[in-house]
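Written below as structure tokens is the structure these notes are about.
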């Protein structure tokens, strides 16, 4: 459909708060604990809940009040007391840009600054002899792009090589920037041996912030891993906008996977059954 083929992201639900606290919040507004169908919440009318009651509240699967407030009165602020955390692997930096537009979320993303060393090592190993083919084939094996068309990915990686090659010519201390100080000896030790130099650099000390100088090489197809935490109200907004035919297809794929792993008790409060 899109010409180039893409891999789809993987998602797991790592943490969920439950919907019980959201009902407690709603009943606090109306002082209506006694009307709850959930015994642990009903007891709050008379006394503060103990640890056992809190555990029961956090395991509530249904709440008629929340359903009524969500779908009849559209009182969604109480949904902010329920949260879900997702681990996402293999989406793209293009999706990350879209995700950043959803302002009410906690998001932690795999850093290019600290995780680019193997790619830079591949360039350093190939750069001494100008072996672009070595670099492209080596990095193909890293599975760093969401596009899966090998010929297209070779074009992408070739462009990355060209940008690094240009930078290596205009920066006097390029290798001091790209390689840990303790590994610089390998540059002379493995002359004309790309694979040997690459393996030596990989086994040596990593220059963890190598991406500081090279973040410009990253494309929208670069794979991204992240953990995102939404409150239920924000997740409703996210699914409404992104689980939608008008959304960018890659973020729609991600929304579909996130929805797939979201338990029914949450979906019942934020998604109209079709």
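The values are calculated or read from the model by the stated rules, or taken from the named source; none is laboratory data. Quick caveat: nothing in here was measured; it's all calculated off a predicted structure. Note that each Cβ is placed from the backbone with ideal geometry, even for glycine, and that neighbours are counted across all protein chains shown.
Summary table below
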quantity: Residue in the stretch 137-151 that is closer than 22 Å to residue 192 by Cα, in a helix (DSSP H, G or I) and out of contact with any helix residue (DSSP H, G or I) (no Cβ under 8 Å at 6 or more places or on another chain) present; calculated: yes
quantity: Options 23, 37, 10, 5; residue that is under 32 Å from the mean Cα position of the chain (by Cα) and farther than 26 Å from residue 234 by Cβ; calculated: 5
quantity: Residue match in the stretch 78-91 (condition: part of a loop (DSSP other than H, G, I, E, B) and either out of contact with any helix residue (DSSP H, G or I) (no Cβ under 6 Å at 6 or more places or on another chain) or closer than 22 Å to residue 15 by Cα (or both)); calculated: yes
quantity: Hits in the stretch 248-273 - residues which are farther than 21 Å from residue 77 by Cβ, in contact with a helix residue (DSSP H, G or I) (Cβ under 8 Å, 6 or more places away or on another chain) and either without any contact (Cβ under 8 Å) to a residue 24 or more places away in the chain or outside any helix (DSSP H, G or I) (or both); calculated: 248, 252, 255, 259
quantity: Yes/no for residue 158 being in contact (Cβ under 8 Å) with a residue 12 or more places away in the chain, more than 30 Å from residue 80 (Cα to Cα), within 19 Å of the chain's Cα centre (by Cα) and not in a loop (DSSP other than H, G, I, E, B); calculated: no
quantity: Residue 194 vs. criteria exposed (fewer than 15 other Cβ atoms within 10 Å of the Cβ) and farther than 30 Å from residue 98 by Cβ; calculated: no
quantity: Unique residue being surrounded by fewer than 14 Cβ atoms within 10 Å (Cβ to Cβ) and under 22 Å from residue 228 (Cβ atoms) when the list is 104, 88, 78; calculated: 104
quantity: Test: residue in the stretch 226-247 that is at pLDDT 95 or above, in a strand (DSSP E or B) and under 30 Å from residue 179 (Cα atoms); calculated: yes
quantity: Neighbours by Cβ (under 6 Å, 6+ apart or cross-chain): first from the stretch 175-196, in the same structural domain as residue 138 (by TED's automatic domain parsing); second part of a helix (DSSP H, G or I) and at pLDDT below 90; calculated: none
